[in-house]
Amino acid sequence: MSGTCPYGPLLAAGAAGISPFRRAPTSPERRFAFQGTRHGTEETTLTTATGQRTFDSLDPATGAVVGTHPIQDAAAVRAAVAEAGTAAAWWAGLDRAERRRRLLDYKAILARDLTRIARLVHEETGKPEADATLEVVLAITHLDWAARNAHKVLGMRRVSPGLVGANIAATLEYLPLGVVGVIGPWNYPVFTPMGSIAYALAAGNAVVFKPSELTPGVGVLLATLFTEAVPEHQVFQTITGLGETGAALAGDPEVAKIAFTGSTATAKRVMAACATNLTPLVAECGGKDALIVDADADLPAAADAALWGALSNAGQTCVGVERIYVVDAVYDAFMKELTDRAGQVKAGRDYGPITMPAQLDIIRRHIDDAVAGGRAVLGGTGSVRAPFVDPVIVEDVPEDSSAVREETFGPTVTVKRVADVEEALEKTNATAYGLAGTVFSGNTRRALELARRMRGGMTAINSIISFASIPALPFGGVGDSGFGRIHGADGLREFARPKAVSRQRFALPGMNLTSFTRSQKELDRLVRLVTFLHGRRR
Ligand code: NDP
């Protein structure tokens, strides 16, 4: 929370009601020929002399063009997937040690170019470069874990055949699926897709990645750097375009699995496209995560974590804190800690602009709704100064308000006084989403119990979003937050198919049960054995 404001003039423009997005495009010959993109009315696509449609990625803080990328159509997607099919066969056939070595090389290349990647993330999303750096570091950590643990998790192992199968050697291994299509969001354009890409590659698959149209440059860079480690085949490709490009990928019959991260609404569309070919899907969607403050919590630590969870990345975090429930006994003390700190956090200095202009309307609607039903403690209806939004804290907002029920994806948070942690948990779980959450408590036993009962895939105790930085922990939600898991051993298995093999080592004398020559005596022997093994009640 220090340093000068890199967005000073923009903030002034926003305050004066002038949207920086309305600035003249940098190139006069650009034609705003296509309105189907998500930047808003200033979105630019142009058709080149070759007939290739293109689109621009823009710096959301300045409106400057960061890069121009092709809109790849269904034919281009099909070609990329076909190429990936060849690459997948080659990659899966590599010795596992060689695959691991290539992935660790890729990791080293990402570490070498960390600053370059972080700068591009900053340009395309608007987030501070320091936050972008943190994101890339986390992605590198996951890549490292996936590469090092793939064989341990997926490699062939013997499993116990049980007494009845004593003459059988049973083995299990997890084989690659083939081509995995990854469709990613813009809010963490490195960390989030890498949670699928790294694990899919480590499991022996080729990947075709469709980044968000807001962050195509980052996606292209990630794939370009991969070719330094794996130049032979297109094991990891990035295709660029708008929603229709993602739809073509999801509907491609040669794609073995889709890993989607984005909104619940789009996940449903992707699932429908996948249904055509019975393509399996892992869906990482949005959330409405809560933070619970118990009576014996460390209040300064809880307030600090709550603020980071709510405001960092301008609140554009799927596992960000959107609701806070504080037990009555410490409510006033907690609110003092929270508001004292919140007053020090500045939009444009500590966090960047809203990356996707259309989100500003949703944020504004939620703030209006929250303020109408509750009490604004910090900020309010005037806090939206496009493309920035100042911190907003509203207390005592009705639980049926949109600000409490729907994903806001902005630097806003609601706070509610509750009688005890049971009420906090009940309210926390009363949502269609179920992604993650946080508990601050001085009582480890109670915190662990609350965490277990919290609806969702991950809970952090006395820390914020700490589960995301631990590669061994699976990540994913329930309900409207999606299904399936990325990260950890579950994340590796998500991109593999179990292969079970049973090999008869010798024939069991007098127990030839799967033959038409089977005798009654053999069956009687089996029944006696099963009665002996399983016939007693405990
Ligand atoms: P969207 O659902 O709008 O888009 C996600 C991706 O899907 C983008 O690449 C988008 O492309 C693509 N897409 C759009 N339409 C289709 C379609 N019909 N078929 C296939 N692909 C399509 O989400 P956002 O990018 O706005 O991301 C924000 C959302 O993601 C939030 O809800 C957030 O909570 C969630 N999220 C969840 C995470 C998790 O791990 N659970 C992590 C990060 C974010 P295009 O951009 O070109 O439209």
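I need the full set of residues from the stretch 213-253 which are within 21 Å of GLU124 (Cα to Cα) and part of a loop (DSSP other than H, G, I, E, B), in order please. Matches in the stretch 213-253: GLU213, LEU214, THR215, ILE239, THR240, GLY241, LEU242.
Each row is one residue, and each column tells you yes or no for (1) modelled with pLDDT of 95 or more; (2) crowded, with 22+ Cβ neighbours inside 10 Å; (3) within 16 Å of the ligand (Cβ to nearest atom); (4) not in a helix (DSSP H, G or I).
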residue: PRO300; (1), (2), (3), (4): yes, no, no, no
residue: ALA306; (1), (2), (3), (4): yes, yes, no, no
residue: VAL321; (1), (2), (3), (4): yes, yes, yes, yes
residue: ALA333; (1), (2), (3), (4): yes, no, no, no
residue: VAL345; (1), (2), (3), (4): yes, no, no, yes
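Among the residues of the stretch 176-190, is any more than 30 Å from LEU533 (Cβ to Cβ), part of a loop (DSSP other than H, G, I, E, B), β-branched (Val, Ile, Thr) and within 15 Å of the ligand (Cβ to nearest atom)? Among the residues of the stretch 176-190, at least one is more than 30 Å from LEU533 (Cβ to Cβ), part of a loop (DSSP other than H, G, I, E, B), β-branched (Val, Ile, Thr) and within 15 Å of the ligand (Cβ to nearest atom), which makes the answer yes.
Checked against (1) over 27 Å from the mean Cα position of the chain (by Cα); (2) of a type in the set (Lys, Arg); (3) in a helix (DSSP H, G or I), ARG148 passes all but a single condition, namely (1). Restricting attention to the stretch 335-365, the residues being within 27 Å of ILE292 (Cβ to Cβ) and in contact (Cβ under 8 Å) with a residue 40 or more places away in the chain number 12. Taken together, ALA150, ALA200, ALA139 contain a single residue that is away from the ligand (no atom under 16 Å from the Cβ) and of a type outside the set (S, T, N, Q), which is ALA150. Just for the stretch 262-298: of the residues that are part of a helix (DSSP H, G or I) and open to solvent by less than 50 Å² (accessible area, probe 1.4 Å), which one is farthest from the ligand (Cβ to nearest atom)? Out of the qualifying residues, it is CYS274.
Against the definition (within 16 Å of the ligand (Cβ to nearest atom), modelled with pLDDT of 95 or more and touching a helix residue (DSSP H, G or I) at 6+ places or on another chain (Cβ under 9 Å)), how does GLU399 come out, yes or no? Judged against the criteria, GLU399 is not a match. If I filter the stretch 511-524 for residues that are within 16 Å of the ligand (Cβ to nearest atom), open to solvent by less than 80 Å² (accessible area, probe 1.4 Å) and either closer than 30 Å to THR171 by Cβ or not β-branched (Val, Ile, Thr) (or both), do I get at least one hit? The answer is no; no qualifying residue exists. Selection within the stretch 49-87: residues that are among the polar types (S, T, N, Q) and either within 25 Å of the chain's Cα centre (by Cα) or within 30 Å of GLU232 (Cβ to Cβ) (or both). The member of this set that is modelled with the lowest pLDDT is THR50. From the list ALA75, ALA49, ALA97, ALA82, the lone residue that is surrounded by fewer than 17 Cβ atoms within 10 Å (Cβ to Cβ) and not in a helix (DSSP H, G or I) is ALA49. Of the residues making up the stretch 484-510, those that are touching an Asp or Glu at 6+ places or on another chain (Cβ under 9 Å) and within 16 Å of the ligand (Cβ to nearest atom) number 3. Among the numbered conditions (1) surrounded by fewer than 18 Cβ atoms within 10 Å (Cβ to Cβ); (2) more than 22 Å from the chain's Cα centre (by Cα), the only one that SER441 does not meet is (1).
Filtering the stretch 374-388 for residues that are open to solvent by less than 10 Å² (accessible area, probe 1.4 Å), touching a Ser or Thr at 6+ places or on another chain (Cβ under 7 Å) and over 23 Å from TYR331 (Cα atoms) leaves an empty set. In summary, GLU244 fulfils each of the numbered conditions (1) of a type in the set (D, E, K, R); (2) over 17 Å from THR86 (Cα atoms); (3) more than 8 Å from the ligand (Cβ to nearest atom) with the single exception of condition (3).
The values are calculated or read from the model by the stated rules, or taken from the named source; none is laboratory data. Note that this is a predicted model, so its numbers are computed, not measured. All Cβ positions, even for glycine, are placed from backbone atoms using ideal geometry, and neighbour counts span all protein chains on display. Ligands, DNA and RNA are excluded from the accessible area calculation, which covers all protein heavy atoms including side chains. Shrake-Rupley method; radii C 1.70, N 1.55, O 1.52, S 1.80 Å.
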